[in-house]
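Step one of this worksheet: look at the structure below.
The values are calculated or read from the model by the stated rules, or taken from the named source; none is laboratory data. Given the structure is predicted, the values throughout are model-derived calculations rather than measurements. Quick reminder, even Gly has a Cβ in these numbers, built from the backbone with ideal geometry, and neighbours come from all protein chains shown. Ligands, DNA and RNA are excluded from the accessible area calculation, which covers all protein heavy atoms including side chains. Shrake-Rupley method; radii C 1.70, N 1.55, O 1.52, S 1.80 Å.
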Amino acid sequence: MVCYRAMNIMRVLIREDPPNPPDPRSIPAVLFAFGLCSVVSYWAMKLWGGRFSGEADPAFARFNASFPFDKRLLAADIEGSQGYAQSLLDAGILTTDEAREIQQALAEILRRASADPEYLAGAGSEDVHSFVETELVRAIGEAGYKLHTGRSRNDQVATDVRIFLRAAIDSITALTFRLREAILDLAGENRDVVMPGYTHLQRAQPILFAHYTLAYYEMFKRDRQRLGEVRARVNRLPLGSGALAGTGFDIDREALARRLGFDGVCSNSIDAVSDRDYVIEFVGAAGLGMMHLSRLSEDLILYSTAEFGFVQLSDAISTGSSIMPQKKNPDSLELIRGKAGRVLGHHAGLLATMKGLPLAYNKDMQEDKEALFDTIDTLSGSLMVMATVLRNIRLNGDRMAVAAEGDCANATDLADYLVGKGLAFRRAHEMVGKIVSRVIGQGKRLEDLSLAEYQEFSPLFGEDLYSAISLQASLANHRAIGGTAPERVAEALTRARQELQAEPKSL
């Protein structure tokens, strides 16, 4: 504190008409004070300097510091600290005036950081926690040191990350809402478009394009549900657990949890400071979401090629070639597909980091921040871009319909027709396979064979076989719940719209 007292004396001295001039006898001490400050300034930004008499190696200090990335936790750290200050007041550790000064100073730190980017950029703190404490003490003096009473950086950072992550989950949930809304809009606008469904990337059976898009709606709905489940486990308060053994002060953790918007407290102090399951679980859920985005990207990339020609991407979501003037590249989709690998890598990396750590806290766990932040940014950006892509594509319905009728995609319907005539399915499957072999050899479609040719294979074939294997019949026959029949798809669209309208846009 001698540094701050010296600074306060200097502030008074440089005023033209100081109302309470310092005792002149104290002025010579200012020079000594500032000299001392130059020696201890490095340690003044640390929360642990008392044990040490030497300075850290500069390379190690840079390696050890997390402020360049964990400064993103500033708002969360301020929020947690303000809540904790009230708990210290309730416990009789802070006076009313001290608590008020701390609350106001913390709010001013956040305001200044929001207004002035250079405020954070010029800081040389080890981490966001030491930055906040340094600025707090600079603003209000000795009372600022009281805020850390009964609190460790171990439970402090765990609290900060949980506050930060639950807000990020809420934001990402809103983005999944927008994406699913875009999916339903695209499906509704093209509800009569028919396309071939694929297995093994080979044409399989005709389906409605809306049925295809609703498959992705279901995937992203599950992603949203997973986020909700993760958030429930994120929203437990570690603060009050101390370094690992709990706090020795009369902190009402349940009241603190309510004050900070948590659903409850972490019930074991050791687990509270050493647990990163919630980070790993979130990154894993994000990995599933990115995998779904990547699969959709791959589909649309293929469908936009000249070989498929099902989809045309607008200029808003495409780029060109630096050498080939005719090119329109699906870079928006390729980037999403590529970024999925980053998130999957973060998940594997976090699991590997945590797998061998003894209880309780270890500095290895600092490595969770950059992976978490990048995962949040990557998933958020990918969700936004995919929603934009879906609003900037146009379908070639005619070409899709022609493809849906090609390559004997109605062969299963022909087998089902024979089953309806009393033939066992396995026999029907074998017979239709032989018919398909003939038409392919002749370069024909199943519809092109005459009734006489069909009856060479079985007398069960009648004139009604042609209506049974038509495109319209193929779609209509799949009317079981979850099928591609037009009435089922219409019901699914209506149900999905109702689900989305009833769903809160944020958790």
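Details
- Angle between the chain longest axis and helix 153-189 axis [Cα atoms, degrees, rounded to 10]: 30 degrees
- Rounded to 10°, Cα long-axis angle of helix 411-420 versus longest principal axis of the chain: 60 degrees
- Inter-part distance where region 128-165 and region 347-376 are each reduced to a Cα centre, Å: 22 Å
- Each of the peptides 452-461, 258-267 was scored by the mean count of other Cβ atoms within 10 Å over its residues; in descending order, highest first, they stand as 258-267, 452-461.
- Per principal axis, descending, Cα span of region 413-486 in whole Å: 36, 26, 20
- Amide H contacts of Val311: Ser304, Asn396, each under 5 Å away and 5 or more positions distant or on a separate chain (H built 1.01 Å from N in the peptide plane; Pro and chain starts excluded).
- Reciprocal mean inverse distance between Cα atoms of the chain - Kirkwood radius, Å: 28.0 Å
- J(HN,Hα) series, region 222-238, from Karplus relation 6.51 cos²θ - 1.76 cosθ + 1.60, nearest Hz, glycine and proline x: 5, 4, 5, 4, 4, 4, x, 5, 5, 4, 4, 7, 5, 7, 10, 8, x
- Nearest-ten-degree value, helix 96-115 long axis tilted from longest Cα axis of the chain: 50 degrees
- Computed helical MRE - 222 nm, the chain, DSSP H runs ≥ 4 contributing -39500 (n - 2.57), nearest 500: -20000 deg cm²/dmol
- Alpha-carbon centroids, region 410-438 and region 221-264: separation in whole Å: 60 Å
- Those aspartates and glutamates that a straight Cα-Cα span of less than 15 Å connects to Lys339, excepting residues fewer than 8 apart in one chain: Glu298, Asp331, Asp374, Asp377
- Cut-off under 5 Å, modelled amide H: who pairs with Thr247 long-range: Gly242
- Averaging 1/r over every pair of different alpha carbons in region 264-399 and inverting the result gives a Kirkwood radius of 17.2 Å.
- Highest average packing first - 221-230, 61-70, Cβ atoms within 10 Å: 221-230, 61-70
- Using θ = phi - 60° and Karplus 6.51 cos²θ - 1.76 cosθ + 1.60, couplings along region 272-284 (whole Hz; Gly, Pro as x): 4, 8, 9, 7, 10, 4, 5, 6, 4, 5, 4, 5, x
- Heavy-atom accessible area ranking, 1.4 Å probe, most first, across Met384, Met431: Met384, Met431
- Cut-off under 5 Å, modelled amide H: who pairs with Asn329 long-range: Thr319, Gly320
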